[in-house]
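See below for the structure under consideration.
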Ligand SMILES: *Cc1c(COP(=O)(O)O)cnc(C)c1O
């Protein structure tokens with residue numbers, strides 16, 4: 001006699017507590033689970049497939065557990081947003097007051113909460129603006145301040161940022177001409193001075209964020225370039241707003257502006273730990289010129305990004321901040337527990353995690369991982385949720401530095417299912 005299928009229907013909370021759904025927004029998962037459980041009651045779905053079916057409804061963008069040990073992994077979407085930023089995105093997703101002053105009923109400056117938060121965080125900036133990404137901030141600066149004219153830049157700072165994209169090509173695409181000065185390893189103040197003239201749009205200083213040079217090298221500090229009578233734009237890339245003692249070699253917007261930069265550009269989804277965005281901070285007249293440039297409209301940030309950005313700056317510490325500061329002792333405890341939970345699989349090993357996302361290439365973060373056979377890499381990537389580690393010397397390393405602790409159980413389950 002067939003069992004009554006209704007008896008097999010799991011409780012909604014049991015479905016939601018399944019580790020495979022860790023990381024998905026719980027209330028949305030609850031709606032999905034209710035609908036899938038109805039299908040079980042109608043006999044259209046096996047009870048054992050409910051969790052998979054709920055996860056599939058989210059799959060347009062799939063939750064990935066980042067066990068690579070790379071904090072800002074560009075292929076995994078760089079910074080993981082804080083819970084506060086995620087909530088803000090949900091709240092802004094419907095109609096919202098992104099460009100409306102509810103007190104007067106009039107049009108207001110777009111995204112003022114985000115802009116106020118940024119201006120509040122960097123008092124050294126006369127004005128601030130937000131764009132689609134760091135590259136957009138550079139493109140707007142080049143177009144608005146140097147199209148048809150020259151950007152003076154050191155040959156040591158002509159950076160390829162990734163996926164074959166090169167900053168010199170990006171800048172040249174705006175119609176500005178690059179006036180390269182100095183050499184790959186050494187550039188002096190006199191090199192810049194000789195290149196300046198009526199054709200100069202601005203001097204650009206780029207932080208070589210994804211590589212570093214050692215040996216017979218020298219470059220000119222921001223303060224020395226600031227007094228040359230032409231605008232100085234500094235691309236700091238990483239997005240630190242203020243100095244971070246953990247990353248002493250990373251430039252930050254406040255310090256660079258205090259040293260005399262006229263404009264600073266950076267990314268929102270690197271060390272800042274927020275959504276993809278580009279930041280422009282600096283002299284009010286320049287920011288206003290760029291903000292009113294026709295191209296600015298094409299680089300505009302959407303309401304979800306603005307909401308997430310404001311919440312990131314106002315909210316508690318970001319997952320990026322926490323991952324950078326994870327304590328190796330604590331990671332060892334978690335990896336050991338993970339190994340036990342996964343049925344004793346693998347070996348607990350010391351590893352080195354990195355910042356990633358084209359930032360702080362010289363910084364090594366001592367970390368701990370579970371080492372497994374490399375053959376598990378693909379099945380774990382294809383699991384639910386996907387677990388992505390890194391393969392090193394024929395072993396798969398699952399580094400917990402960037403894994404939120406509440407996802408440890410999901411990782412253990414994934415390993416058990418693949419072993
Ligand atoms: C990352 C980076 C960029 C590009 O920023 P996106 O936000 O990725 O567009 C530009 N310049 C530097 C120095 C960078 O590190």
Going by how many other beta carbons lie within 10 Å of each one, how would you line up 212, 192, 95, 24, fewest first?
95, 212, 24, 192
Pair residue 406, residue 86: separation of 7 Å Cα→Cβ label points (nm):
0.7
Along the three principal axes, how long is segment 169-289 when you take its alpha carbons, biggest first, rounded to the nearest angstrom?
40, 39, 28
For the chain, percent of DSSP beta bridges that are antiparallel (nearest 5) comes out at 55
For labels at residue 416 and residue 374 in the simple 7 Å Cα→Cβ model, what's the distance in nm?
2.9
If you stretched the chain out fully between residue 34 and residue 46, how much longer would it get, using 0.36 nm times the residue separation minus the C-alpha to C-alpha distance?
2.9 nm
Could you work out the relative contact order of the chain? I mean the mean sequence separation of Cα pairs under 8 Å and 6+ apart, divided by the number of residues, in percent.
22
Using the count of nearby Cβ atoms within 10 Å as a rough guide to exposure, how do 32, 216, 309 rank from fewest to most?
216, 32, 309
Just how far, in whole angstrom, is segment 21-100 from segment 133-157 if you go by their alpha carbon centroids?
38
If packing is taken as the mean number of other Cβ atoms within 10 Å per residue, what is the order of 195-201, 171-177, highest first?
171-177, 195-201
Between residue 189 and residue 249, how high is the FRET efficiency from 1/(1 + (r/R0)^6) when r is the Cβ-Cβ distance and R₀ = 30 Å? Nearest 0.05.
0.90
Answer check: segment 157-214, Cα atoms, Kirkwood Rh, Rg/Rh ratio of 0.97
If a/c stays under 1.5 just call it rounded; otherwise compare a/b with b/c (prolate if a/b is bigger, oblate if not). Do that for segment 369-419, with a ≥ b ≥ c from the square roots of the Cα gyration tensor eigenvalues.
oblate
How far, in nm, would the chain grow between residue 393 and residue 217 when pulled straight, counting 0.36 nm per residue and subtracting the alpha carbon separation?
60.0 nm
Note the angle between two axes, namely the Cα long axis of helix 328-341 and the longest principal axis of the Cα atoms of the chain, as a number of degrees from 0 to 90, rounded to the nearest 10.
30
Computed FRET efficiency, Cβ-Cβ of residue 340 and residue 317, R0 30 Å: what is it to the nearest 0.05?
0.55
Compute the distribution of all C-alpha to C-alpha distances in the chain, in bins of 10 Å from 0, and list the percent of pairs in each, rounded to whole numbers.
4, 20, 26, 22, 16, 8, 3, 1, 0, 0
Residue span residue 302 to residue 163: 0.36 nm per residue of separation minus Cα-Cα distance leaves a gain in nm of 47.6 nm
Using alpha carbon centroids, what distance separates segment 209-263 and segment 370-412, in Å?
37
Springs between alpha-carbon atoms under 10 Å, Gaussian network over the chain: tell me which of 373, 361, 319 tops the mean-square fluctuations.
373
Would segment 238-358 count as rounded, prolate or oblate if I go by the C-alpha gyration tensor, calling it rounded below 1.5 in a/c and otherwise prolate when a/b exceeds b/c, oblate otherwise?
prolate
By the Cα gyration tensor axes a ≥ b ≥ c (a/c under 1.5 gives rounded; else a/b larger than b/c gives prolate, otherwise oblate), the shape of segment 33-131 is oblate
Using Cα springs under 10 Å in a Gaussian network model of the chain, which residue among 353, 137, 103 shows the largest mean-square fluctuation?
103
Here the FRET efficiency for residue 386 versus residue 103, based on Cβ atoms and R0 = 45 Å and rounded to 0.05, is 0.45
If one compares the long axis through the Cα atoms of helix 26-41 with the longest principal axis of the Cα atoms of the chain, the angle in degrees, nearest 10, works out at 30
Sort 129, 293 so that the residue with the fewest other Cβ atoms within 10 Å of its own Cβ comes first and the one with the most comes last.
293, 129
Highest-first arrangement of 105-113, 326-334, where packing means the average Cβ count within 10 Å:
326-334, 105-113
Rounded to 5, percent antiparallel among DSSP beta bridges of segment 84-314
45
Helix 112-121 vs. the chain, principal-axis angle (Cα, 0 to 90°, nearest 10)
70
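No value in this document is a laboratory result; all are computed from the given coordinates. Because the structure is a prediction, the values reported are computed rather than measured. We place every Cβ from the backbone using ideal geometry, glycine too, and count neighbours over all the protein chains shown.
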